[in-house]
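Here's the structure we're looking at; comments come further down.
The values are calculated or read from the model by the stated rules, or taken from the named source; none is laboratory data. Quantities reported herein were computed from a predicted structural model and do not represent experimental measurements. Every residue, glycine among them, receives a Cβ derived from its backbone with ideal geometry; neighbour counts consider all protein chains shown.
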Amino acid sequence: MRQSQLFTKTRKEAPSDEVAKNAQLLIRAGYVYKVMAGVYAYTPLGLRVLENIKQIVREEMNAIGGQELIMSSLQKKSTWEMTGRWDDEVVDVWFKSQLKDGTEVGFGWSHEEAIIEMLQQYLVSYKDLPINVYQFQTKLRNELRAKSGILRGREFVMKDMYSCSLDATQHDAFYNATIEAYKKIYSRLGIGNDTYVTFASGGAFTKFSHEFQTICDAGEDVVYLHREKNIAVNEEVLNDEHLESLGIKREELEKVTTAEVGNIFNFGTHKSEQMDFSFTNEHGEKQFVHLGSYGVGITRAMGVIVEKFADDKGIVWPASVAPFAVHLLSLGEEAKTEADALYTELNSRGVEVLFDDRAEVSAGEKFADADLLGMPLRVVVSKRSLEAGGYEVKGRAESESKVVSKEELLSSLHA
């Protein structure tokens, strides 16, 4: 990507109504465009980050047997009435509308009921189970407040997976496998060391759940940690009985602010019984499916990464999710030919490069934009660098740059 052809532009100031650091930086850098409170569009730069996050999640979901699909956003009223979750008193975040003929419809805030209704058409025998399906889906939730940038949106991208198992034993095995898969995801996203499996309330889903909470000052949750035992408890379920069952004491816990980046729910057979989702077992008897639901906030993870790693100059992307591996800067007319040649060679080697080839922009502006945009590696081609024997290279999180030869640069990027 040549920066001269990128339609987005950086800006010095964020919108005055944005208080969240993640939104301020993402808007200033041109990764997102704010449509309204809690609703953001993702530009080519932002989309590349989201796709990198999605690919990490996709690989880990496939590794545990997930099958990817995509459901509709439009939801039938009758589907959700079977479990009582069409009622606004039960689920208070529905966006609802009507078709031209007056039929009521909702816009998907989650997809458990819709998935069950579909799978009922395919899963009829014990030989058809287990099955685990997932999707990357834009969810719509009528949140009362949306002030945390992309950490809490009214429209957001989520990975939601649903497991169908023969019995509790099979379900528990997959549930635990998903916990381990989620740990791998957050590790690959660069936030694994600060992300904890947390005991929590199930909200509109179940009585209890497990959340994946990342320590983050901009988060909206309070979690109590027992670092030695690697146990975390959400404040909403913190009580003496629960602590006793976990074998920990209140005075041993550390209070931290966190952002929820994932959650998993065990429905057992409750929802299957409500919707008559059953199969015929090996004895010819009717048996209800054991269900689980597993979510990862894709856009939310992007926001948490920005919040955790950004510095006073801008965004700092981990290499695993950065839109480009290298930000190549061409400074001065004398360096243009060499910079163009390097850009072509890096592309031929499969290195993803954002090339700041803008002739009318000063060196200072290019450096400031590179810091704001946050690519892992900045490579500067200038008259001075060429006279010194190569290119000026600096990692985004590093304080000093160094001059390396072309061979050294290509070798390091290949490694």
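Go over the candidates 150, 185 one by one and state the one that is in a helix (DSSP H, G or I), crowded, with 20+ Cβ neighbours inside 10 Å and out of contact with any Phe, Trp or Tyr (no Cβ under 7 Å at 6 or more places or on another chain). Every option except 185 fails the conditions. Of the residues screened, residue 276 is one that is at pLDDT 95 or above and either among the aliphatic types (A, V, I, L, M) or in the same structural domain as residue 296 (by TED's automatic domain parsing) (or both).
For segment 330-363, a residue qualifies if it is more than 29 Å from residue 54 (Cβ to Cβ), hydrophobic (A, V, I, L, M, F, W, C) and crowded, with 22+ Cβ neighbours inside 10 Å, and the qualifying residues are 339, 342. A single entry from 14, 20, 37, 41 fulfils the requirement of being touching a strand residue (DSSP E or B) at 6+ places or on another chain (Cβ under 6 Å) and among the small types (Gly, Ala, Ser): 41. Scanning segment 320-365 for residues that are acidic (Asp, Glu) and under 20 Å from residue 47 (Cβ atoms) gives 352, 356. Scoring residue 199 on the criteria (1) closer than 29 Å to residue 79 by Cα; (2) touching a Leu at 6+ places or on another chain (Cβ under 9 Å) leaves a single failure, condition (1). For residue 4, the conditions (1) in the same structural domain as residue 275 (by TED's automatic domain parsing); (2) touching a residue at least 24 places away in the same chain (Cβ under 8 Å) are fulfilled apart from (1). Going residue by residue through segment 98-110, is there one that turns out to be outside any strand (DSSP E or B), within 23 Å of residue 275 (Cα to Cα) and not polar (S, T, N, Q)? So far as segment 98-110 goes, yes, one or more of its residues are outside any strand (DSSP E or B), within 23 Å of residue 275 (Cα to Cα) and not polar (S, T, N, Q). Touching a residue at least 40 places away in the same chain (Cβ under 8 Å), in a strand (DSSP E or B) and hydrophobic (A, V, I, L, M, F, W, C) - does that describe any residue in segment 241-259? So far as segment 241-259 goes, yes, one or more of its residues are touching a residue at least 40 places away in the same chain (Cβ under 8 Å), in a strand (DSSP E or B) and hydrophobic (A, V, I, L, M, F, W, C).
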